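Data block below; observations after.
Nothing in this text is a laboratory measurement; each read-out follows from the coordinates by a stated rule. Note that the structure is predicted; figures quoted are calculated from it, not measured. Positions of Cβ are generated from backbone atoms using ideal geometry, with glycine treated the same way; all protein chains shown enter the neighbour counts.
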Amino acid sequence: MLLQYLNVSSLNIADDSYRITFAPELEELKRSVKVAGIIQPINVRHTPEGTYQIVTGYKRVLVMQELERQSIPALIHEPNDLSPTQAFLWSLHDNAVARSLNLIEKSVALTKLNQFYQMSEDELAKQFLPLIGEEPSFKILHQLMSLDSLTEPVKTHVVKSKVALSSASRMSEFTPSTQQALLGVLSHINPSTNKLNELLALLREISARDGLTVEDILSRYQLLQVVVNPTATSADKVSALRQALRGIRLPQLTERQKQLAHLIQGLELPTQAKVVADPYFENKNMKLECQFSHPEELDSVIKKIQAAFEKQKWQEIFEWYRT
């Protein structure tokens, strides 16, 4: 092992043999380097061909490139002193101990350990999942490794939007072209994990039922237009998209829900009172909820309820709801 200053241009960034880092945040490190320089040397492997492979310190090299610095301190390891497997394990431990890996970085680590270093699934689950902050579960292992099927733009979206593992794994089940079409919609919204999983499930169900690709569904029903409204909040966009997909997936149920909403609107209740019904119409009971802070508000609600009775509006709802 030799400590030496290497020319930054001599390091091949494209050689990702030992790289785990994905979509790195560099600004904080860049500020540090401007003030104090490189405090900890990078580790490189000197190949038999005479090139230098980055083992640890990939982000430091990127920062030095961006700052147009000419040289960087490096600990140089000869091939006989550091095998490819040892080099990758150094990189993995250097990253996993120093920080929390994002989902794609975890996927990269596990996939490389499996594909290039012949680690068994049992080893990966029991030895390496705890190292990267995950429970030793084969389900988690398979979900993480499935992310290797994501396109690069979708991987970036997963990291930047902090998409949950369950959702990212569902996205990996789609073809690359479908992922790209889906990204055109998802880039406009920020749904919760449950909502995103529901949206993905609805798309898959509609696709299977109607024999359409997801691209066809997004285009035919103009779903991108649902989420590009610049004046709508993310929550409103998610709600509108969910309602549109549910309408496509369950058209009769959706139409019945619209009919009930119209009947309830006809009661002309004040805003502090509302009628709640089972959205799937399995429970025949309905509920009247009312909020008030003084007697006058309660009196107003009672008068509205009574007026609706006199106009047979309640009877109309009861008869319709039980058909």
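See the values below:
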| item | result |
| --- | --- |
| Once exposed loop GluC sites (Glu not before Pro) are cut out (DSSP; at most 12 other Cβ, 10 Å), longest piece of the chain | 69-172 |
| Of N80, A125, I317, farthest towards positive along the dipole that unit charges on Lys, Arg, Asp, Glu beta carbons give the chain | I317 |
| Charged-residue dipole, Cβ positions (Lys, Arg, Asp, Glu), the range 150-249 about Cα centre, Debye nearest 20 | 240 |
| Neighbour-limited loop hits for chymotrypsin sites (Phe, Trp or Tyr not before Pro), the range 245-323 (at most 12 other Cβ within 10 Å; DSSP other than H, G, I, E, B) | Y280 |
| Principal-axis tilt of helix 176-186 within the chain, Cα atoms, nearest 10 degrees | 60 |
| Cα gyration tensor, the range 1-125 - rounded (a/c under 1.5), prolate or oblate | oblate |
| Helix 295-310 vs. the chain, principal-axis angle (Cα, 0 to 90°, nearest 10) | 60 |
| Ellipsoid equivalent to the range 260-321 - semi-axes via the Cα gyration tensor, in Å | 21, 14, 8 |
| Added length on full extension, which subtracts the Cα-Cα distance from 0.36 nm per residue, H262 to V97 | 53.6 nm |
| Within a Gaussian network of the chain (alpha carbon springs, distance under 10 Å), most fluctuating of I189, I39, I248 | I39 |
| Percent breakdown of C-alpha pair distances by 10 Å bin, ordered from the shortest bin, for the chain | 5, 19, 20, 19, 14, 10, 7, 5, 1, 0 |
| Greater than 25 Å apart at Cα, pairs in K112/K162; K237/K313; K30/K126; K139/K237; K139/K195; K34/K106 | K237/K313; K30/K126; K139/K237; K34/K106 |
| Alpha carbon Rg of the range 150-249, scaled by the compact-globule rule 2.2 N^0.38 Å | 0.98 |
| Size of charge dipole - the chain - debye, nearest 20, with Cβ of Lys, Arg +1 and Asp, Glu -1, no other charges | 620 |
